[in-house]
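Data first, discussion second: the structure below is written as structure tokens.
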Amino acid sequence: MIRAWARAGARDGASRARRGLVLVLPGLWVLGVVTWELCEPTGGRLLQLLAAAPAIACAGTGRRQCVLLGGVCALAALVPFGAGHAGPGPGTRVMTCGAVLAVVGASYLTAGRRKRLLRELERTREVATAAQRVLLRPLPPRIGGLVLAADHLSASEGAVVGGDLYEVVGTRYGVRAVIGDVRGHGLTAIGTVGAMLGSFREAAHDEPELAGVLRRLERAHQRHLGERARRTDPADGGAASPAGEEFVTLLLVQIAPDGSMTALNCGHPWPYRLVWRAVDPVAPLAPGEPMPPLGLFPLPVDAAPMRCGRLRPGEGLFLHTDGAVEARDRAGEFFPLAQRLYRSVATTAGTPGPAPAGVVDDVREALLRHAGGRLSDDVAFVLLCADGTDHDPAVPPPATGVPAPWGTGFTTGARTPYG
């Protein structure tokens with residue numbers, strides 16, 4: 001938080017310095033031209049440069065300053081500088097004054113149009129940001145007995161959402177999380193991201209088995225491609241990629257109330273297990289070979305979740321997309337994600353419990369420094385940490401007549417850790 005305040009203060013100081021410079025620059029220009037003419041008379045020829053001052057004022061400060069400074073420059077152009085020398089006649093001074101006033105008028109109209117366009121652009125950005133936040137909504141700080149943190153970086157300038165997706169929901173079957181990467185990046189992949197997230201948010205609550213959630217995602221992906229193919233105009237020059245080339249890498253994770261983890265992986269990078277206050281705090285979690293990405297081949301009939309051990313208090317699961325490990329620096333070196341996680345966990349080891357937000361922020365800043373602020377692919381992080389507290393009582397219990405899926409001996413009539 002202190003670093004964030006420091007960065008905000010530095011940005012505010014730099015912004016104030018720029019505003020002050022832009023406000024003073026037109027006056028310095030007029031003062032310099034008049035001083036030069038008084039010290040080294042040129043017969044008034046240098047006064048023609050006064051026409052630039054109103055344009056500078058309109059471009060940097062505003063319309064009111066433009067008019068005021070333009071009036072000063074027009075009056076200065078009428079002053080008979082160089083009267084003792086071969087100065088310009090009255091006609092030349094009047095023409096110079098007229099030129100200055102013409103520049104003032106043109107700059108005034110241009111500045112007004114610029115302000116209207118900037119207001120329209122600001123409103124458009126607010127609407128676009130709100131719409132993207134609904135699609136890839138921020139995660140709550142806690143779900144069940146898990147503390148959450150997530151972040152997303154888009155490769156498209158000005159975009160909040162790209163081709164990476166993530167979501168975490170608390171269900172009667174445990175906490176379920178998804179992270180994925182749509183083929184391509186940036187704004188062209190938002191449609192597929194929306195289809196995947198919308199299907200997951202429904203299926204995660206409805207399907208008792210994790211494999212059922214994955215099959216619902218596969219059907220949603222196929223429907224999305226079919227609808228997009230029907231809407232695609234053949235005259236669009238092939239802007240949309242063929243359906244056969246569309247695929248999504250997905251990782252589904254379920255964490256039961258007792259901490260046991262199961263996962264289904266369709267061509268996605270496996271997560272890292274983080275263990276605070278351990279000799280080796282970072283270890284890759286790879287319980288088996290992943291299936292092909294969603295959309296390349298049909299899912300196997302016997303797609304069964306893999307058991308990934310147990311997430312104990314003081315441990316975390318760091319999910320990420322391949323953009324985090326494929327980011328390169330100027331020398332072409334890949335971003336060392338595992339080493340960065342090791343340092344981040346070591347840095348936050350002195351906190352009372354796992355600090356997922358600190359780890360995610362640290363990895364994000366290190367990644368941007370490594371890539372020099374230029375990302376070639378979207379990046380997403382999700383960190384799930386078990387802090388050992390009670391589970392969220394707001395999560396509904398299993399439906400009546402359905403055995404509890406985590407195999408703890410609870411039945412529908414019994415009180416579960418989630419109810």
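The values are calculated or read from the model by the stated rules, or taken from the named source; none is laboratory data. Just so it is clear, the structure is predicted and the values come from calculations on it, not from any experiment. Methodologically, a virtual Cβ is constructed for each residue, glycine included, from the backbone with ideal geometry; neighbour enumeration extends over all protein chains shown. Heavy atoms of the whole protein, side chains included, go into the accessibility calculation; ligands, DNA and RNA do not. Shrake-Rupley method; radii C 1.70, N 1.55, O 1.52, S 1.80 Å.
Observations on the structure shown:
- Put a dot 7 Å past the Cα of ARG215, heading toward its Cβ, do the same for ARG307, and the two dots end up 2.3 nm apart.
- Residues PHE334, PHE247 ordered from highest to lowest accessible area at a 1.4 Å probe: PHE334, PHE247.
- Look at the Cα gyration tensor of the range 92-148: its axes a ≥ b ≥ c give a/c of at least 1.5 with a/b over b/c, and that counts as prolate.
- Here the spin labels are modelled as points 7 Å beyond Cα on the Cα-Cβ line, and at GLU122 and LEU38 they lie 3.9 nm apart.
- Pair LEU135, GLU202: separation of 7 Å Cα→Cβ label points (nm): 1.9
- Distance distribution P(r), the range 298-377, all Cα-Cα pairs, bin width 5 angstrom from 0: 3, 13, 20, 18, 14, 12, 10, 8, 2, 0 percent.
- You can think of it this way: the chain between LEU368 and ALA99 has 91.9 nm of extra reach, that is 0.36 nm per residue less the Cα-Cα gap.
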